[in-house]
Amino acid sequence: MTTLLPPADLAAVVGPVLRPGDPGWREEIAGFNLAYTPTPAVVVGATSTADVATAVRYAGSVGKRVAVQATGHGLMSDLDDTVLITTRRMTAVAVDPAARTARVAAGVRWRAVIDAAAEHGLAPLSGSSSQVGVVGYTTGGGLGPLCRRYGFAADHVTRFTIVTADGAVREVLAESTDPDDVDLFWAVRGGKGSFGIVTELEFGLVPVARFHGGAVFFAGEDAPAVLHAWREWAPTLPEDTTTSVALLRLPPVPELPEPLRGRFVVALRFTHLGEQGPALLAPMRAAATPIMDVVADLPFAAIDAVHMDPTEPMPSWDRGVGLAELPGAAVDAVLAQAGPGVASPLTMVEIRLLGGAVARAPRVPNAVTGRDAAFSVFTVGVTAASSVEAVAGAGAAVVEALRPWARGGLLNFLGQAGPGRVGQLWGPAERARLVAIRERFDPAGLLATNVVIG
Ligand SMILES: Cc1cc2nc3c(=O)[nH]c(=O)nc-3n(C[C@H](O)[C@H](O)[C@H](O)COP(=O)(O)OP(=O)(O)OC[C@H]3O[C@@H](n4cnc5c(N)ncnc54)[C@H](O)[C@@H]3O)c2cc1C
């Protein structure tokens, strides 16, 4: 470990330094999840690794915790009285087509990588929404529509630059042999923001230019038929196929196509990388009468069509769990909480099929959770239409109803949770290793993160 570097003055920061009430303050702290309004003591609009290091050293010298925000898609606390580093100005993307890698700065969203990689017939392992930040998503594991073929995004990371709590800048590579770097390379890929602030990330791209996929929508009343058909069909799919199914209670907004507007529907999501797409999907198309079918041969740049996630900021609350299996009784348990005839405040209850490459450890092991689950269940509710208490209660009830089949879960889909519940995502040995690494790199608890591993 390095010793603490000398304190820094924020005057050295190139980007804006804002305090409450300053012009631009509100825009600078705004995040995608409007359920939380960050109330930091000061915001540093970082433009570089040097700005991040200066902000971390300043925070250490004035005894304040330091937090980081790229897009606010993962905002889960008010970050009160912190030094908040916003990375949105750090937008460099460099694709190396020969090496099939991308190197991105901390503020990059997936859309920029998707577009840059597509020029070379390549794709990143982005998730359901291209608006999500690359670093927050990847350090939390990162499970997307190609996951069963290629695994988690974190499995493809080859190197990163990180500013640790002592203010030091470290280059950490897959090939690193220094014991501290080996530990960081393992922990940051899956353990998220507890070990430092990542300022650059390099990862592998995959040779995917097009896919066969999208979504088939059914009326909510058909949810029992669709979900039971899906639970039998999904595990039979080859690894080049990824799927999920979601109960959606959609708002009556003009942005939604007419068949979905203001309705309770079931969305079957499908992504296939071979020639068998229509044949594989046929049994599900026959499970009930589709009300909308937008599955097609598409360029990877159209990957957002699979999940059709919201793009406008909104207040939301979420919670998830992994499942060892999905027997009929588990589907019935979900339907009893959020199926037809239930006045659920949950906007979405989603079940993703895992397995395939998701279940296999990467070449260089990492701390990603959820590998041993067969399914991931995720609940989310918009807390503008219903109270936080109602949404939280309904989400917790779904998770509780699935307890007999629960096995671990995905850090990115855990939702707000205390250290105990976060820590349970790992086995005892891995959890102890993560805590030891965090205590070694951040003994004073300088880093304010919403996923505290305990
Ligand atoms: C609409 C939507 C769709 C999603 N789809 C998926 C999906 O398909 N698959 C999936 O796996 N997840 C998904 N997620 C979850 C998402 O990956 C996490 O919420 C992720 O943390 C968001 O990262 P961000 O940088 O965009 O958000 P932010 O709120 O800016 O950051 C969230 C957290 O990420 C960490 N972080 C961010 N930047 C850094 C950094 N530079 N260094 C260290 N830590 C950092 C910090 O802990 C921070 O608190 C989705 C979320 C939303 C809202």
Notebook entry, point to check: Residues of the stretch 22-70 being polar (S, T, N, Q) and closer than 19 Å to VAL198 by Cβ, which ones?
Noted result: THR47, SER48, THR49, THR54, GLN69
Notebook entry, point to check: Say we look at the stretch 387-425 and pick out the residues that are in a helix (DSSP H, G or I), within 15 Å of the ligand (Cβ to nearest atom) and in contact (Cβ under 8 Å) with a residue 40 or more places away in the chain; which of these is surrounded by the most Cβ atoms within 10 Å (Cβ to Cβ)?
Noted result: ASN412
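This table checks each residue for (1) under 21 Å from GLN424 (Cβ atoms); (2) in contact with a Gly (Cβ under 7 Å, 6 or more places away or on another chain); (3) more than 10 Å from the ligand (Cβ to nearest atom); (4) at pLDDT 95 or above.
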| site | (1), (2), (3), (4) |
| --- | --- |
| ASP309 | no, no, no, yes |
| ALA330 | yes, no, yes, yes |
| VAL342 | no, no, yes, yes |
| VAL349 | no, no, yes, yes |
| ALA359 | yes, no, yes, yes |
| GLY381 | no, yes, yes, yes |
Item checked: Failed item in (1) assigned to a loop (DSSP other than H, G, I, E, B); (2) on the phi < 0 side of the Ramachandran plot, with VAL380 passing the rest -> (1)
Check: Looking only at residues in the stretch 138-163 that are part of a strand (DSSP E or B) and in contact with a Gly (Cβ under 7 Å, 6 or more places away or on another chain), which one is nearest to VAL368 (Cα to Cα)?
Finding: THR158
Next item on the list: Search the stretch 124-138 for residues that are near the ligand (Cβ under 6 Å from one of its atoms) and pair each with any residue that is at pLDDT 95 or above and β-branched (Val, Ile, Thr) when their beta-carbon atoms are under 6 Å apart and the residues are at least 6 apart or on different chains.
Entry: GLY133/THR71; VAL135/VAL198
Next item on the list: Within the stretch 268-294, track down each residue that is part of a helix (DSSP H, G or I), among the small types (Gly, Ala, Ser) and surrounded by 15 or more Cβ atoms within 10 Å (Cβ to Cβ).
Entry: GLY277
Next item on the list: Scan the stretch 287-297 and give yes if some residue there is within 16 Å of the ligand (Cβ to nearest atom), in contact (Cβ under 8 Å) with a residue 12 or more places away in the chain and closer than 29 Å to PHE211 by Cβ, otherwise no.
Entry: no
Check: Of these, ASP222, ASP166, ASP181, which one is farther than 23 Å from ALA98 by Cα, of a type outside the set (A, V, I, L, M), more than 8 Å from the ligand (Cβ to nearest atom) and without any contact (Cβ under 8 Å) to a residue 40 or more places away in the chain?
Finding: ASP181
Check: Checking ARG103 against (1) crowded, with 21+ Cβ neighbours inside 10 Å; (2) in contact with a Lys or Arg (Cβ under 9 Å, 6 or more places away or on another chain); (3) farther than 18 Å from LEU446 by Cα, which single condition isn't satisfied?
Finding: (1)
Notebook entry, point to check: Which condition breaks for ALA116 when tested against (1) in a strand (DSSP E or B); (2) free of Cβ contacts under 8 Å to residues at least 24 places away in the same chain; (3) away from the ligand (no atom under 14 Å from the Cβ)?
Noted result: (1)
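The values are calculated or read from the model by the stated rules, or taken from the named source; none is laboratory data. All values derive from a computational prediction rather than experimental measurement. No Cβ is skipped: glycine too gets one built from the backbone with ideal geometry, and neighbour counts run over all protein chains shown.
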